[in-house]
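The values are calculated or read from the model by the stated rules, or taken from the named source; none is laboratory data. Being a predicted model, the structure only gives us computed values, none of them experimental. All Cβ positions, even for glycine, are placed from backbone atoms using ideal geometry, and neighbour counts span all protein chains on display. Protein only, heavy atoms only, side chains kept; ligands, DNA and RNA dropped before computing areas. Shrake-Rupley method; radii C 1.70, N 1.55, O 1.52, S 1.80 Å.
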Amino acid sequence: MEIEGVRPVAEILRKAGRVAVLTGAGISSESGVPTFRGKDGLWRQFRAEDLATPEAFRRDPKLVWEWYDWRRGLIANVEPNPAHKTLAKWEKIFPEFILITQNVDGLHARAGSRHILELHGNIWKVRCLKEDAITESFDSPLREIPPRCPSCGEIVRPHVVWFGESLDPDVLERAFASCSRCEVMLVIGTSAYVQPAASLPLYASEAGAVVIEINPDPTPLTSSASHSLKGKAGDILPLIDQFLTGS
Ligand code: OAD
């Protein structure tokens, strides 16, 4: 398969020591996880204000948890795709490599990535409403809805960032710091619509990084990106890898 611009991007990466990557729902779509704003996107079928806000959870924790239980079940039954796997491989190749993701599906970790900043949390973690303690929970389907804290019995919530909530300041600071240091930033499978994640590539660009977007469709970032590779991440990343590593 020939995709225009792949070879020059591989050449840029070959010379890079510090690489940052921002991923969004598009990278998991080839695994079978729905995106948010695409044709069959979640926010075209469901109202975010009913399911992904603190108010919605206060109003009806059972409804919110039923939706998260459905999403967890969907994700539990899919596998990381070649795009996730290529990024996991690159973590071992580049001297500095940080993977910043907006995804909560945990597929990057399942593919083998270790240096991950999860901006929007993780669907496999729950947070106690009383103690704020965060625990992993892989039950799918959940045994009880809403699920309860194993230590105090209070209801837990998904450890994800909802509309109207702030991101973990430590995670966000580390993401911006990585973007200010990187020489190359790859922006993969995000509509570049949700803040503050959407600011990260602009910040990297202002700090002098080459910004490379991989997405089949144009986004608000496309016109300012140094390179824009049009296509699916699962096709393009392995192709870049072939030029980069010869494997
Ligand atoms: P979106 O659903 O907004 O955008 C997905 C992007 O992926 C689109 O630009 C698609 O064109 C692109 N895409 C689709 N298939 C692709 C493929 N195979 N390879 C590469 N790109 C592909 O998802 P996000 O930008 O991740 O927040 O959305 C950001 C946030 O909005 C999410 O983290 C979520 C949502 O509300 C929270 O839940 C807090």
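Against the test of being within 16 Å of the ligand (Cβ to nearest atom), outside any strand (DSSP E or B) and among the hydrophobic types (A, V, I, L, M, F, W, C), the options Val126, Val171 yield a single qualifying residue, Val171. Here is the figure for region 1-42: residues that are under 19 Å from Lys230 (Cα atoms) and assigned to a loop (DSSP other than H, G, I, E, B) total 13. Taken together, Leu13, Leu87 contain a single residue that is touching a strand residue (DSSP E or B) at 6+ places or on another chain (Cβ under 8 Å), within 13 Å of the ligand (Cβ to nearest atom) and within 24 Å of Arg174 (Cβ to Cβ), which is Leu87.
Taken over region 197-247, the criterion of being without any contact (Cβ under 8 Å) to a residue 60 or more places away in the chain and either of a type in the set (Lys, Arg) or open to solvent by less than 40 Å² (accessible area, probe 1.4 Å) (or both) is satisfied by Ala198, Ser199, Val211, Glu213, Ile214, Thr219, Leu221, Thr222, Ala225.
Screening Thr53 against (1) within 18 Å of the chain's Cα centre (by Cα); (2) within 12 Å of the ligand (Cβ to nearest atom); (3) touching a residue at least 12 places away in the same chain (Cβ under 8 Å) leaves a single unmet condition, (1). A single member of Ala20, Ala10, Ala56, Ala76 is touching a Ser or Thr at 6+ places or on another chain (Cβ under 7 Å), open to solvent by less than 10 Å² (accessible area, probe 1.4 Å) and not hydroxyl-bearing (Ser, Thr, Tyr), and it is Ala20.
Evaluated against (1) more than 27 Å from Asn81 (Cβ to Cβ); (2) open to solvent by 40 Å² or more (accessible area, probe 1.4 Å), Ile155 falls short on exactly one condition, (2).
For beta carbons closer than 6 Å, sequence separation of 6+ or different chains, a first residue in region 23-49 that is under 17 Å from Ala192 (Cα atoms) and a second that is modelled with pLDDT under 95 and loosely packed, with under 13 Cβ neighbours inside 10 Å, the qualifying pairs are Pro34/Asp40. Of the residues Leu99, Leu87, the single one that is surrounded by 21 or more Cβ atoms within 10 Å (Cβ to Cβ) and not in a helix (DSSP H, G or I) is Leu99.
Looking at this structure, is Ser140 outside the structural domain of Ser180 (by TED's automatic domain parsing) and either part of a loop (DSSP other than H, G, I, E, B) or open to solvent by less than 30 Å² (accessible area, probe 1.4 Å) (or both)? In short, yes. Within region 174-191, being crowded, with 23+ Cβ neighbours inside 10 Å and in a loop (DSSP other than H, G, I, E, B) holds for Cys182, Gly189, Thr190.
Being of a type in the set (Gly, Ala, Ser), within 15 Å of the ligand (Cβ to nearest atom) and modelled with pLDDT of 95 or more: is that true of Ala25 here? So Ala25 fits the description; yes.
For Pro150, state whether it is open to solvent by 20 Å² or more (accessible area, probe 1.4 Å), of a type outside the set (Lys, Arg) and not assigned by TED's automatic domain parsing to the domain that holds Ala197. Against the criterion (open to solvent by 20 Å² or more (accessible area, probe 1.4 Å), of a type outside the set (Lys, Arg) and not assigned by TED's automatic domain parsing to the domain that holds Ala197), Pro150 qualifies. Would you check which residues across region 218-239 are more than 18 Å from Val33 (Cα to Cα) and near the ligand (Cβ under 8 Å from one of its atoms) and list them? Result: Thr219, Ile236. The residue list Arg148, Arg157 contains one member that is away from the ligand (no atom under 12 Å from the Cβ) and in contact (Cβ under 8 Å) with a residue 40 or more places away in the chain, which is Arg157.
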